[in-house]
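The values are calculated or read from the model by the stated rules, or taken from the named source; none is laboratory data. In this text, all values refer to a predicted model and were calculated from it rather than measured experimentally. Cβ: placed from backbone, ideal geometry, glycine included. Neighbour counts: every protein chain shown. Note: accessible area is taken over every heavy atom of the protein model, side chains too, but ligands, DNA and RNA are not part of it. Shrake-Rupley method; radii C 1.70, N 1.55, O 1.52, S 1.80 Å.
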Amino acid sequence: MEIILTTAEIRQILQGCQQTLRLVQSTTEYRLIQSSPYFSTSNDVYIGDAVNVLRELVEAIDEVEQITQYKEGIIND
């Protein structure tokens, strides 16, 4: 079954994920986990890295939309 989402819905989901990760990152419990000497990831990534990636994805989506709207405006004129 294919899920169909609009661009606005995709943007909202990604931004919601950003906010959720920021919330987790701000908790004392998570900071304690991350500061543990046993905490590691295969690529040394942290929640802040994921937040930044999601921000970049939203910016890229915005850029595609702007370029598409600009090109559609030129074609329709």
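Quick notes on this structure:
- The candidate values are (1) 82; (2) 137; (3) 115; the one derived from this structure for volume of the Cα convex hull per residue in Å³ carries the label (2).
- Where Leu54, Leu21 fall by accessible area, highest first, once all protein chains stay in place (1.4 Å): Leu21, Leu54
- Neighbourhood charge, 13 Å Cβ-Cβ cut-off, centred on Ala8 and excluding it, Lys, Arg +1 and Asp, Glu -1: -2
- Local net charge near Gln69, Cβ-Cβ under 12 Å (Lys/Arg +1, Asp/Glu -1): -3
- Farthest towards the positive end of the charge dipole of the chain, among the residues Ile33, Val58, Asn43, is the Cα of Ile33, using unit charges on the Cβ of Lys, Arg, Asp and Glu.
- Per-atom-type breakdown for the chain gives carbon and sulfur 58% of the accessible area (1.4 Å probe, protein chains only).
- Across Tyr70, Tyr38, the residue with the most accessible area heads the list, and the full order at a 1.4 Å probe is Tyr38, Tyr70.
- Between 0 and 90°, nearest 10: helix 47-76 axis offset from the chain longest Cα axis: 0 degrees
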